[in-house]
Amino acid sequence: MSIINKEVNEFSAQAYVNNSFKTITKADILGKWSVFFFYPADFTFVCPTELEDLADIYDKFQAAGCEIYSVSTDTHFVHKAWHDSSERIKKIQFPMLADPTHALAKDFEVLIEADGLAERGSFIVNPEGKIVSYEVNAGNVGRNAEELLRKLQACQFVYQHGDEVCPARWRPGAKTLKPSLDLVGQL
């Protein structure tokens with residue numbers, strides 16, 4: 001079942017960000033774009049490559065008015081320990097959310113019950129707190145931050161220009177499509 005347009009439930013999560021602990025709630029995501037970037041666990045193999053990829057272009061997400069929230073079922077203390085010990089993870093400036101109770105992983109439907117870990121899920125959430133795009137990968141397949149940024153930009157364009165759609169490989173400034181009611185009836 002699809003969770004497109006599902007509103008994110010109320011939540012409160014501890015985060016490690018900017019060398020301190022902070023509580024993040026649903027109120028923090030409303031009114032702006034967010035990416036929830038679930039990964040299985042700290043101190044693993046594929047996860048640091050993905051998080052470093054995001055950290056390398058975090059400024060582009062920020063320029064697009066979007067906050068990134070990386071999420072695993074580890075505690076915020078484990079996030080800090082990983083941040084302190086890994087050169088890749090030290091690059092991260094976005095909040096690293098702790099989900100030891102699995103509330104977020106369940107809400108976004110990425111919890112692997114048997115393992116108590118999250119799938120590799122990327123979710124774009126609009127300013128109303130609704131999921132407008134998501135992708136879930138197998139645990140052994142890393143994601144691409146540039147493609148996630150492109151999808152965010154396409155979602156933002158469509159949100160602002162509801163009568164236009166973005167074709168495959170669309171980039172900001174490229175031509176969009178304006179569906180015609182006549183064409184829709186022929187499909």
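Some values worked out for this structure:
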read-out: Subset of region 111-138 [assigned to a loop (DSSP other than H, G, I, E, B) and open to solvent by 20 Å² or more (accessible area, probe 1.4 Å)]; value: Glu113, Ala114, Asp115, Glu119, Pro127, Glu128, Ala138
read-out: Residue satisfying all of: in region 1-26; exposed (fewer than 11 other Cβ atoms within 10 Å of the Cβ) and of a type in the set (A, V, I, L, M); modelled with the lowest pLDDT among these; value: Met1
read-out: Region 51-63, residues that are crowded, with 16+ Cβ neighbours inside 10 Å and under 21 Å from Ala154 (Cα atoms); value: Asp53, Leu54, Ala55, Tyr58, Phe61
read-out: Residue identified as without any contact (Cβ under 8 Å) to a residue 60 or more places away in the chain, among the charged types (D, E, K, R) and under 16 Å from Val8 (Cα atoms) among Glu128, Glu87, Glu67; value: Glu67
read-out: Residue check for Ala81: of a type outside the set (Lys, Arg) and either closer than 15 Å to Val17 by Cβ or in a helix (DSSP H, G or I) (or both); value: yes
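For (1) assigned to a loop (DSSP other than H, G, I, E, B); (2) in contact (Cβ under 8 Å) with a residue 60 or more places away in the chain; (3) farther than 17 Å from Ala64 by Cα, each residue gets a yes or a no:
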site	(1), (2), (3)
Lys106	no, no, yes
Glu109	yes, yes, yes
Asn140	yes, yes, yes
Arg143	yes, yes, yes
Phe157	no, no, no
Trp170	yes, no, no
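The values are calculated or read from the model by the stated rules, or taken from the named source; none is laboratory data. As the structure is a prediction and not an experimental result, all values here were calculated from the model. FYI the Cβ positions are ideal-geometry reconstructions off the backbone, even for glycines, and counts take in every protein chain you see. Side chains included, ligands, DNA and RNA excluded: accessible areas come from the protein's heavy atoms. Shrake-Rupley method; radii C 1.70, N 1.55, O 1.52, S 1.80 Å.
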